[in-house]
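Quick notes on the structure that follows.
The values are calculated or read from the model by the stated rules, or taken from the named source; none is laboratory data. Every value quoted in this text rests on a predicted model; they were computed, and no experiment measured them. Methodologically, a virtual Cβ is constructed for each residue, glycine included, from the backbone with ideal geometry; neighbour enumeration extends over all protein chains shown.
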Amino acid sequence: MSEDRKVDILDVATTLALRKKTIAIIVLTATVIGTILAFAWPKTYRSEVSFVVTDGNSINLSGGGLLSGLADIQMGGSSISAEQVLVLLRSTEIQDQLIDEFNLGEVYGNDIPEAQRKMFDNSIEIEDIREGGIGFNSIIALKLAHLGDDPERVYNLVKRYYEVVDSTVQKLNKKNVEDGYLLIKNRLEQNLADMEEAEDSLVAFQSRYGILEVEEQAAAQIGAIAEVRTELVKLEIQINYLQDVLGENSSKLTDLRTQKRALERRYNNLIKGSGEGLETTDGQFDIFQPVEKMPALFVEYLRRYREVMVQEEIYKVLYPQYEQQKLSFEEATSGLMVIDNAVKPTYKHSPKRAYIMIAAFLFGCIVAFIKVYFDKWKEENPEDYERYQKFTSALSFRNADH
């Protein structure tokens, strides 16, 4: 068996040597054609930008300051994620904008929008880099590349592509927080109007009735009543004593009775509010309201005062949140951060001429070996070769009816 194999190998080598001219012509022809094709193939240039997607609405409020310790009102407004940016990169609207800006219809020689989009999409390379590199892990970076025959256009287009995506993501991030910002803003404006109305109502009530501090005024009212009542008791004792000593017609008794009537009027005013004595000589209202009216007035005062306090507490919650939403709205960014900027290509990305020439050479070798094999088969086994030709002829559609 070893001898047969040596004979077969020697036989093949002899056959190849005898047909070396044919083999050389085929291989050389394929190599020349491949070389011509490699140098005639249009050059393609490539420019790439790499970037990461961060939280575009993230505002650090820690470390004290006006906005530290804010009330936590969840208003949504999350930033565009890396997965969503990946979708935007293939957005028809963005691609149409770039096709129009760079007049790619003329470059592609096609005025059909669908065809233009397809050709443009074929010239774009998008790569997502994930944690761990496989599976459904989070995207940690994105790469955007464009290929074309003009290095200047390739560079400008990929740079503009990133700018358009960055601007679009920024608008979307701003839109995400806009609704929450406007909601808080409108509610704060309503709160300010309600608080101003409540304050005006309280001031008007205080000006009308002279109630400034409920507890202190109530204590002062009781003190004033007690004082007037004490004076009345003193006068009654003096009058009773002088009646017994001086008689009914004493001038001193007349003065004391006049003082007593004045104190009684004052006392009645403090208790029942007869309408007399509520206004002082300088035209200002007395701070002491009738005791019978005090509960109702205090309740009304407390209601108005409570409304002011409630609106102030609402303001304490809304205003810091409004400032936070305002910052998020005004300072919203795309969250895109460039890792590697686009660079104008100075060397072609394709074709790989050496690879084309090597492939052409190998193809020529294969074709040559196949031809040598069939020629040898034809010489040594003409009957089998004839059967093979009949088989290939039968496969032809021209002979399908025969």
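For the residues Gln311, Gln259, Gln289, the requirement of being modelled with pLDDT under 75 and surrounded by 14 or more Cβ atoms within 10 Å (Cβ to Cβ) singles out Gln289.
Scanning region 90-99 turns up one or more residues that are modelled with pLDDT of 90 or more, of a type in the set (Val, Ile, Thr) and closer than 18 Å to Val49 by Cβ. Checked against the criterion of being buried (at least 18 other Cβ atoms within 10 Å of the Cβ) and closer than 30 Å to Phe298 by Cβ, region 175-192 has at least one qualifying residue. Checking each residue in region 94-106 for being part of a helix (DSSP H, G or I) and in contact (Cβ under 8 Å) with a residue 12 or more places away in the chain picks out Ile94, Gln95, Asp96, Gln97, Leu98, Ile99, Glu101, Leu104.
You will find that of Lys352, Lys326, the residue that is surrounded by 14 or more Cβ atoms within 10 Å (Cβ to Cβ) and either of a type outside the set (Ser, Thr, Tyr) or modelled with pLDDT of 75 or more (or both) is Lys326 and no other.
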